[in-house]
1. Is it the case that some residue within segment 16-29 is outside any helix (DSSP H, G or I), touching a residue at least 12 places away in the same chain (Cβ under 8 Å), in contact with a helix residue (DSSP H, G or I) (Cβ under 6 Å, 6 or more places away or on another chain) and within 11 Å of ligand 1 (Cβ to nearest atom)?
2. Give the residue, chosen from I215, I228, that is hydrophobic (A, V, I, L, M, F, W, C), at negative phi, outside any helix (DSSP H, G or I) and at pLDDT 95 or above.
3. Residues being within 18 Å of the chain's Cα centre (by Cα) and hydroxyl-bearing (S, T, Y): count how many of those fall in segment 57-78.
4. I'm checking my understanding of the structure. Among residues of segment 320-337 that are within 21 Å of E178 (Cβ to Cβ) and among the aliphatic types (A, V, I, L, M), which one is modelled with the highest pLDDT?
5. In segment 231-271, which residues are in a loop (DSSP other than H, G, I, E, B) and within 19 Å of the chain's Cα centre (by Cα)?
6. Name the helices (runs of 4 or more DSSP H) wholly within segment 96-147 that hold at least 2 residues that are closer than 24 Å to R205 by Cα and outside the structural domain of Y279 (by TED's automatic domain parsing)?
7. For the structure I just gave you, tell me whether K251 is at pLDDT below 95 and either of a type outside the set (G, A, S) or touching a strand residue (DSSP E or B) at 6+ places or on another chain (Cβ under 6 Å) (or both).
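The values are calculated or read from the model by the stated rules, or taken from the named source; none is laboratory data. Only a predicted model underlies this, so the values are computations on that prediction, with no experimental measurement involved. Note that each Cβ is placed from the backbone with ideal geometry, even for glycine, and that neighbours are counted across all protein chains shown.
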Amino acid sequence: MEQIISRCGNLCSECPWSIYIRKKIAKEDWEDYSKEVKKYLGFKPVKYEWEGCVGCLTPNEELPKDPFYNFLKKCRTRKCGNYNEVNNCAYCGRFPCANTVASNNFTREKISEKIGSIIDDETYEGYIKMFDAMTNLKKIRSSLKDNEIKNPKTISKKTDIIKLKGEFKNKNYRRIYEKLIEIANSNLGIIGIDTISGYEQYLLRKDILWKFIWIFGLYGNIKDKELIIDSITLYENRKPVSLPKNEEEWKLYFDILTQFGIFSELEIKTNKLYTPTGYMRFKVPQTNKPAYIIKMKVNPNLQEPQFFKILNEITSELQITTGKRAFTYFKNLNFHSLLK
Ligand code: SF4
Ligand code: SF4
């Protein structure tokens, strides 16, 4: 059968979730096959009886109505590849862009390290290669001629910050507002924000970062010049976003805030921080204690007026004045209800 390659470089024609692999593997072998897949990839494929994924090259209007396909509709690499009309990222002038590099999780080396043994060729071909997207893309790229590579169509970042007309009731709010504007005007550390995939990544990062700043401001405990927040409070107020899955991901958000004079550190409270599937716990197992806390400080020049105290006043007042929509107002820096 001809190889079918997804926009991001996965091999749909060999993917355990696909319609294609269901045609290759007999029903009686499915359970054993699924167990092996889980061993190497960490997830068990959807049951054999399910019709199977039709692949990401299928246009949105032809995708079956199953909720499974929501992930495909939201996939930023797929959106970017569709928009730029490239077969897959190997054909793009920006390859390997920050987006493709960031999703390079299923290499022979990484899986070998995870399971603690060397991966032989047969195992690699059968259970890993289909998701070793970067290796697959590099192989395709090396076979392309220059005239087959196409630069992506660039886009501009939109701003949804609403300009304030008037003075704040509390004059201390101005400096915090200006700091928040600085953060909102930045690229939040995204490289390639002028491409569809970069911009989608920026929007996701923005949603998460603003949710955290909101939670820090509204629920953080302020002691002297420091703000402390625990993982249970973060977890309970996080929706609709998810908490970072590991320390590395938290660091990404801390690094963005550091650029603006806000310094954060994680204090881990358990030696069982991670679940077997590699996600950070928010509670110490069998207790109601937080698995970690975050401690934050600001640059001395942000301390006057006291940054966290004023952030708390802003978020609390927004909640009183704008009710259920308070977070949306905060995220858009729409602080009209705080004006004189
Ligand atoms: S789109 Fe993803 S889940 Fe679907 S067949 Fe391709 S690699 Fe598998
Ligand atoms: S910009 Fe990145 S994600 Fe978009 S098509 Fe190019 S390589 Fe793929």
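1. yes
2. Exactly one of I215, I228 is hydrophobic (A, V, I, L, M, F, W, C), at negative phi, outside any helix (DSSP H, G or I) and at pLDDT 95 or above, namely I228.
3. Qualifying residue count, segment 57-78: 1.
4. Selected residue: A326.
5. Within segment 231-271, R238, K239, P240, V241, S242, L243, P244, K245, N246 qualify.
6. So the answer is 98-102, 133-142.
7. Answer is no for this residue.
To keep it simple, each residue is scored yes or no on (1) surrounded by 15 or more Cβ atoms within 10 Å (Cβ to Cβ); (2) over 25 Å from F43 (Cα atoms); (3) within 22 Å of the chain's Cα centre (by Cα); (4) at pLDDT below 95.
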residue	(1), (2), (3), (4)
C92	yes, yes, no, no
Y124	yes, no, no, no
K139	no, yes, no, no
E148	no, yes, no, no
S156	no, yes, yes, yes
I176	yes, yes, no, yes
